[in-house]
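Okay, structure first, notes after.
The values are calculated or read from the model by the stated rules, or taken from the named source; none is laboratory data. Given the structure is predicted, the values throughout are model-derived calculations rather than measurements. Here the Cβ positions follow ideal geometry from the backbone for every residue, glycine too, while neighbour counts run over all protein chains shown. The accessibility values were calculated without ligands, DNA or RNA, using every heavy atom of the protein model including side chains. Shrake-Rupley method; radii C 1.70, N 1.55, O 1.52, S 1.80 Å.
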Amino acid sequence: MSIDLTPGGNTPLTTSRVTVEVAAAKALDVSALLVGASGKVRSDADFVFFNAPDGPGVHYSTGGITVDSGLVPGDIDKVVITASLDDAAATFAGTEPTATVRDSATGAVLATFTPPRLTAETALIVVELYRRGGAWKLRAVGQGYADGLAGIATDFGVSVDDEPAPAAPPQTAPPAQPAPAAPPASHPQTVVEPLTAQPPAGPPPGFGPAPSYAPPPGQPQPIQPQPVQSSHPAPGWIPTSVPVGQPRSEPAEWQPPAPSVLPGGPQPYAAAPPAAAPAAAPEPAVGGGRVTLDKGRVSLAKGGSVSLVKNGQALLSSVRMGLGWEPAFGGKNIDLDASVIAFDKHRKELDKVWFMNLQAFNAAIQHAGDNLTGKGSGDDEAITVHLQSLPEKVASLVFTVNSFSGQRFTDVAKAYCRLLDANTGTELVRFDLTHAEPHTGVLMCKLVRMDTGEWVMTALEQYVDSKTVRNMVKPAARVL
């Protein structure tokens, strides 16, 4: 017989295997945390959600969280079931979710619970399954959090220490290519490209020169990438908010969803045109002159910068940073995550936007959503920045990419970032990674607000060890 629970109410579980479903009028995702006597999880393996669907005795599916109490380790005191909203800007106000607990074998309803009077909450602990006197019981909780799954995860100590990066395996160097002519010492190796051009000859970006490749007569020789010194941040990470929704299945060619109405009016996602490349070798900028957008799209090399100015006017409209990658050499899917960290003029972190925290500064910065595979053409993840809506205190933005699953950038090919006009989809600046290192994070580029009000983009390509953006904050501050 099913019972309706009220907050704080509990009931014994009459079966060892139950499934907890949570439903609401708004799109939700359900997660579970396995908590010990200390009130904390033991490791990230005790956080079960769409991207890590299996824990000891606990399984996530689109149908809910299934708990087999007979398989839950003895040092786990309770399994906490949470729900969070798909829309990071929405709240549970007027949309109270209902938890239904079923016997997994028969489908019979054992208990239901609907938390009352929710207001500004964006995530909540719905119910918990706990041990009492050798048996398992169910308790209705309904505790809300206004800071999303971030508050819940932090309260229960979700954290993982990153292991030191293993030494890179020895690799056979490709045949040496003739060295290119050195650019002028005052020039940061930045080139300007016309907007319409043909693809250049040579191997695809990210793979390096192929052993059998030789450029056609008259074409410049490829520039050999140089290794960089990586920084080493303090270990550890804590997820702060999980993008949620119903089944995580990717279409053949992923495109970020259309964002909601943001400051400055609706900002529809415009499919980017195919990347253009120069018909002939681009001419480098001469002398120490400032590179701007006046001559069309700008292609950056590591360390190169471009001022977002055209026809003497600073670009202060909405821009989109698109980031993409592919598995290297036909390897398995790569789950990389694009993020951005905002700093003030003193290099103090103001906020960060990533797949667990999809917007900041009243949606002046918004992440379009997580891509779990890197499959398909075009940008894998995109972050829109409404420059005109950013608070004055935001002095710089650093864009990063991390390997959430721990795969290293030596397993990644054709990684790039590009800045586009968010309204037209026109590509303004592009930077292709030409060198891979055995680390799990990379600082891609930075946008810095100058005293004149204009923004300057600089290509970074600095590698660190971090599975999420949390450990990228200190290295990012150091590059400002």
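Okay, here's what the table says:
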| item | result |
| --- | --- |
| Largest to smallest accessible area among Lys348, Lys295 [probe 1.4 Å] | Lys295, Lys348 |
| Computed FRET value (nearest 0.05) for Glu392 with Thr119, which takes r as the C-beta separation and R₀ as 30 Å | 0.45 |
| Nonlocal amide H pairs with Glu437, under 5 Å, H built at 1.01 Å | Phe409, Thr410 |
| Additional length obtainable on full extension of the chain from Asn362 to Asp86, 0.36 nm per residue less Cα span | 97.7 nm |
| Solvent-accessible area per residue for the stretch 89-143 (1.4 angstrom probe, square angstrom) | 41 Å² |
| Accessible carbon and sulfur surface of the stretch 348-470 relative to its total accessible area, %, 1.4 Å | 46 percent |
| Virtual paramagnetic centre 7 Å along Cα→Cβ of Arg132, amide N under 14 Å, in the stretch 57-95 | 78-79 |
| Amide H contacts of Ala413 (H built 1.01 Å from N, under 5 Å, at least 5 apart or other chain) | Glu326, Ala328 |
| FRET efficiency for Thr106 and Gln313, using Cβ-Cβ distance with R0 set to 56 Å, rounded to 0.05 | 0.25 |
| Virtual paramagnetic centre 7 Å along Cα→Cβ of Asp44, amide N under 11 Å, in the stretch 344-362 | none |
| FRET E, pair Thr62, Asp294, Förster distance 51 Å, beta-carbon r, rounded to 0.05 | 0.50 |
| Separation in nanometres of the label points that stand 7 Å from Cα toward Cβ, at Lys474 and Lys348 | 1.9 nm |
| Estimated inter-spin distance, Ala23 and Thr426, nm [label 7 Å along Cα→Cβ] | 5.0 nm |
